[in-house]
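What follows is one structure encoded as structure tokens, with my remarks underneath.
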Amino acid sequence: MTDRVNILLVDDHEENLVALGAILEPLGETLVLAHSGEEALRCLLAQEVAVILLDAQMPGLDGFETAALIKQRAKTRTIPIIFLTAISKEEEHVFRGYSAGAVDYLLKPFDPNVLRTKVAVFVDLHRKNLELRRQAELSRESELTSARRESEQRYRALADAMPKIVWTAGPDGKATYYNRRWYEYTGLSPGPPTGDEWISVVHPDDLQRTLDIRRETLSTGEIFEVEYRFRSADGSYRWHLGRAVPLRHDDTGPIDFWVGTATDIDAQKRTQQSQEFLLRTGAVLAESLDYRRALQSVARLAVPEIADWCSVDLLEEDGSIHPLALTHADPAKVTFATELAERYPPDPAADTGVPRVIRNGEAEIVPDITDEMLEAVAVDELHLGLIRELGLRSYMCVPLVVREDVVGAISFVAAESGRRFDNADLRVAEELARRAATAIDNARLYRQAEERAQAAGVLAAIGDGVVLLDEERVVRLWNKAATAITGIPGEAVLGKRISEAWTSFAEALPRIPVGSYGAPVPADSIPVDAPAREIWLSISGVEFEAGTVYAFRDLTEERALEQMRQDLVATVSHELRTPLAAIYGSALTLRRTDLELDETIRDKLLDVISEESSRLADIVNDLLLASQLDAGTLQVKIERCDVRELVESAVESARTYLPEHVKLEFEKPGGEIPPVAADEGQLRQVVANLIDNAVKYSPEGGDVQIKLEPASRCVRFSIADRGLGVPASEQARIFEKFYRLDPAMTRGIGGTGLGLYICRELLRRIDGRIWVEPNDGRGSVFHVEVPVATERKRTAA
Ligand code: ADP
């Protein structure tokens, strides 16, 4: 059956169109009617037309103008036009019709048969054209198909020759082709693809992600791209980058098919993974100073990323190997392996695995664990069976080396992942071991530093001076107490040889006998010249491998006290011996029967005895008083005292035993002397002491002048003599206990050195004070100030 073709009839008169329709009806074609030139043009835009019957006279666009427009368009240019007109067949008119592109010219009224025949010819012609066009199209299509088949074959040959996996898939994503590499890699048997065989070789952990991405790209038509592991023929998995692009006949049409490739990126992927792994473990190792805990974390990080199993073993000080960590993604397997190890403890002398790596300090790698190897390790059949159950495939072990000492090992084992360790993996493992070893070293150094810091803190806080000299006798440590005791700061001696930095100290250091290692050499008290004074140190020393430590203690004060004690014994015994000798001599003389002693001599001897006894009593009293002052047991009773009366009576009693060449003058004060607040008996003793001294230390005589005057809120008592005087350097020291001027300066004048000490101490207890100044030209002036009694004190008294 042939398709109907369109015949366009154009006439402004409806009746003409009806008539034309009736004439052409029998042709059995489709008649398209138009009532104007414009309508005719519109019809031509919408459909293909075999022939046009066009009325020449029409309002608006007439037939000729319409024909001209039809001829202008490329698509309608070749359509035959038959003009229909009622106008006479004038020459010019007809010409106009032909020049407008008419193929024929029919005058109304026309013969229906002629018209029908002419139109039928054009329809026929059109149909033939259509047929020709269709055939041309058909042959072009078949050419295309064969060209496509040819290129597909070329592509497949190319794809088969490619070293990477190539496949194609239909619009539904089902594989339609895999290249040769695919079959080589997967070990699957070649044959027409069913479409989903790839699913069986994708790693289970990567499958869901891959399916999700695939579903997404199938629906959007975007490029499919995913990183996944494919199982190879030997069962191990390798990372691949899968990529598939959709192909279409034309850009906007539906997807024809997909072309995919899978590139082996296992090496890059693993390098990247191991770098990430090293980074993560590095962070873990740096985080904590507890390296055991850090190593356990590292073992956890290693599975399943690097290996299926990871273990860390440490070498203990007693030589045993301590399993620090054992990890696997499945805790049940860890339990199983731990129990296995407990039941069959590893042989520490074994010539394989951890014991050997620790012994030799060399890494070990077994890319493929064979059954023979398992048999060699297994103790018995049962053991072998249990080991086989673990499915171990590949193994490597690296030593942990800290400063040339092997302290342990890290082991990695591949099992169910099907992974096979190679040298690249071993390098990662070694790098990890290096970092772990550094962490161990750091932790140890830190602990040592901390211990040292603690020790240094103790040394700094200790009260004894501590000095460390190295083998070259250079000062390496000089603690705070050493500075405090000697007055020499650390900067002055540290880093210097002690003999050059401080000779006197270096000479005082005890000699440590060779080989006395660690045994302290006891201390002696030795004088050392320090910058400010002479100090007495007791220094002991201990030698150890890096040098000698000396500890010393300041004994200067003890030494001074000891000196004082010795001085006291000497002075007191001397002071006691003189009166005792006099008493003893007098008593002996009195007892002699061979001598006639007259009354005067007897009285004199008895006077000597009583005077010397009272001197003895004075000395003993002074000693007693001094010891009470020291012990703080002396009672002080402060009351209002009339100091003027007190001084007058003291001067009076002194005059009774005054040597001839000394004169005692009390300058009577002009004004009133206010009462003072003091213990009267003790104040009297101070005044008497000072008068005694003034007289005693004026061996060549001279005037002793006593003055009493009010000062601000106190009364000042002064006593000036023309005696031996006190050198400026000794003016403070004569108030110290037992301190006496050099005998050469005092011309052998006796005394205990207690008088001025007692004066100072008694005055201190009543808020008074005492000091000495040189007397104009010769002798000295002692001043005493005693606070005035206040109103409040008066009422209290
Ligand atoms: P003592 O007189 O028993 O030795 P003191 O404590 O009274 O003890 O005096 C201490 C030292 O001070 C005396 O040994 C003496 O050297 C010196 N001294 C005290 N008074 C005088 C003085 N008036 N003139 C010179 N020297 C004095």
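The values are calculated or read from the model by the stated rules, or taken from the named source; none is laboratory data. Keep in mind that what you see is a predicted model, and the values were worked out from it rather than measured. In this analysis, Cβ positions are derived from the backbone assuming ideal geometry, glycine residues included, and neighbour counts consider all displayed protein chains. The area values use the complete protein model at the heavy-atom level, side chains included, leaving out ligands, DNA and RNA. Shrake-Rupley method; radii C 1.70, N 1.55, O 1.52, S 1.80 Å.
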Exercise for the section: Check Val686, Val704 and return the single one that is touching a helix residue (DSSP H, G or I) at 6+ places or on another chain (Cβ under 6 Å) and under 29 Å from Gln635 (Cα atoms). Expected result: Val686
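Listed here are the residues, each with its yes/no results for (1) surrounded by fewer than 14 Cβ atoms within 10 Å (Cβ to Cβ); (2) under 19 Å from Asn129 (Cα atoms).
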| position | (1), (2) |
| --- | --- |
| Leu17 | no, no |
| Gly21 | yes, no |
| Thr66 | no, no |
| Lys71 | no, yes |
Practice task
Please enumerate the residues belonging to the range 274-307 that are in contact with a helix residue (DSSP H, G or I) (Cβ under 9 Å, 6 or more places away or on another chain), open to solvent by less than 40 Å² (accessible area, probe 1.4 Å) and over 19 Å from Val402 (Cα atoms).
Solution key: Ser274, Phe277, Ser297, Ala302, Ile306, Ala307
Exercise for the section: Pick out, from the range 585-686, the strands (runs of 3 or more DSSP E) lying fully within it that include 2 or more residues that are within 16 Å of the ligand (Cβ to nearest atom). Expected result: 662-667
Exercise for the section: Only residues that are open to solvent by 60 Å² or more (accessible area, probe 1.4 Å) and either assigned to a helix (DSSP H, G or I) or within 20 Å of Ala349 (Cα to Cα) (or both): list them for the range 372-402, please. Expected result: Glu372, Met373, Glu375, Ala376, Val377, Val379, Asp380, Glu381, Leu382, Arg388, Glu389, Val401
Handout entry: So Glu785, is it open to solvent by less than 60 Å² (accessible area, probe 1.4 Å), more than 8 Å from the ligand (Cβ to nearest atom) and farther than 30 Å from Arg565 by Cβ
Key = yes
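Residues are listed down the side, and each one gets a yes or a no for (1) aliphatic (A, V, I, L, M); (2) assigned to a loop (DSSP other than H, G, I, E, B); (3) under 18 Å from Leu8 (Cβ atoms):
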residue	(1), (2), (3)
Gly97	no, no, yes
Leu106	yes, no, yes
Phe110	no, yes, yes
Val114	yes, no, no
Val119	yes, no, yes
Glu141	no, no, no
Ser146	no, no, no
Leu158	yes, no, no
Handout entry: Whichever residue in the range 108-145 is small (Gly, Ala, Ser) and exposed (fewer than 12 other Cβ atoms within 10 Å of the Cβ) and, among such residues, is farthest from Val49 (Cα to Cα)
Key = Ser142
Handout entry: Some residue of the range 709-719 being aromatic (Phe, Trp, Tyr) and away from the ligand (no atom under 13 Å from the Cβ)
Key = yes
Fill in the blank from the handout: Residue pairs within 6 Å by beta carbon, gap of at least six or interchain, first lying in the range 285-308 and without any contact (Cβ under 8 Å) to a residue 40 or more places away in the chain and under 19 Å from His328 (Cβ atoms), second in a helix (DSSP H, G or I) and open to solvent by 70 Å² or more (accessible area, probe 1.4 Å), listed first then second, are Leu301/Arg280
Practice task
Could you look through the range 403-426, keep only residues that are assigned to a strand (DSSP E or B) and in contact with a Ser or Thr (Cβ under 8 Å, 6 or more places away or on another chain), and pick out the one that is surrounded by the fewest Cβ atoms within 10 Å (Cβ to Cβ)?
Solution key: Ser411
Practice task
Scan (1) among the small types (Gly, Ala, Ser); (2) under 36 Å from the mean Cα position of the chain (by Cα); (3) modelled with pLDDT under 90 for the single condition Ala378 breaks and write down its number.
Solution key: (2)
Exercise for the section: Output the number of residues of the range 146-172 satisfying the condition of being open to solvent by less than 70 Å² (accessible area, probe 1.4 Å) and either among the hydroxyl-bearing types (Ser, Thr, Tyr) or within 14 Å of Thr261 (Cα to Cα) (or both). Expected result: 11
Completion exercise
Flagged in the range 212-223 as under 17 Å from Ile199 (Cβ atoms) and either open to solvent by 70 Å² or more (accessible area, probe 1.4 Å) or over 44 Å from the mean Cα position of the chain (by Cα) (or both), in numbering order, are Arg214, Arg215, Glu216, Thr217, Leu218
Problem - Those residues of the range 55-73 which are within 19 Å of Phe122 (Cα to Cα) and out of contact with any Asp or Glu (no Cβ under 8 Å at 6 or more places or on another chain), in sequence order - result: Ala67, Ile70, Lys71
Handout entry: Flag for Leu724 being open to solvent by 30 Å² or more (accessible area, probe 1.4 Å), within 12 Å of the ligand (Cβ to nearest atom) and in contact with a Phe, Trp or Tyr (Cβ under 8 Å, 6 or more places away or on another chain)
Key = yes
Practice task
Residue by residue through the range 357-371, note down the ones that are open to solvent by less than 50 Å² (accessible area, probe 1.4 Å) and among the charged types (D, E, K, R).
Solution key: Glu364
Problem - Considering residues of the range 732-751 that are open to solvent by less than 20 Å² (accessible area, probe 1.4 Å) and not small (Gly, Ala, Ser) only, the residue farthest from the ligand (Cβ to nearest atom) - result: Phe735
Practice task
Quickly run through the range 687-707 and pick out the residues that are aliphatic (A, V, I, L, M), more than 10 Å from the ligand (Cβ to nearest atom) and open to solvent by less than 10 Å² (accessible area, probe 1.4 Å).
Solution key: Val687, Ile706
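For Ile358, are the conditions met, namely being part of a loop (DSSP other than H, G, I, E, B), aliphatic (A, V, I, L, M) and in contact (Cβ under 8 Å) with a residue 12 or more places away in the chain?
No, not satisfied.
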Problem - Selected residue (criterion: farthest from Ala677 (Cα to Cα)) from residues of the range 738-751 that are in a helix (DSSP H, G or I) and either in contact (Cβ under 8 Å) with a residue 12 or more places away in the chain or of a type in the set (Ser, Thr, Tyr) (or both) - result: Met745
Exercise for the section: With respect to Ser729, determine if the residue is more than 6 Å from the ligand (Cβ to nearest atom) and either without any contact (Cβ under 8 Å) to a residue 40 or more places away in the chain or part of a loop (DSSP other than H, G, I, E, B) (or both). Expected result: yes
Fill in the blank from the handout: Within the range 240-264, the count of residues that are assigned to a strand (DSSP E or B) and open to solvent by 70 Å² or more (accessible area, probe 1.4 Å) comes to 2
Problem - Identity of the residue in the range 752-776, away from the ligand (no atom under 14 Å from the Cβ) and outside any strand (DSSP E or B), that ends up farthest from Asp618 (Cα to Cα) - result: Asp776
Exercise for the section: State the number of residues belonging to the range 605-633 that are over 30 Å from Tyr757 (Cα atoms) and surrounded by 14 or more Cβ atoms within 10 Å (Cβ to Cβ). Expected result: 1
Handout entry: Cβ-Cβ under 6 Å pairs, at least 6 apart or on other chains, the range 239-252 side in contact (Cβ under 8 Å) with a residue 12 or more places away in the chain, far side aromatic (Phe, Trp, Tyr)
Key = His240/Phe230; Ala244/Phe224; Ala244/Trp258; Pro246/Trp258; Leu247/Phe257
Practice task
Kindly establish whether Asn775 is open to solvent by less than 40 Å² (accessible area, probe 1.4 Å), more than 60 Å from the chain's Cα centre (by Cα), under 23 Å from Leu576 (Cβ atoms) and among the polar types (S, T, N, Q).
Solution key: no
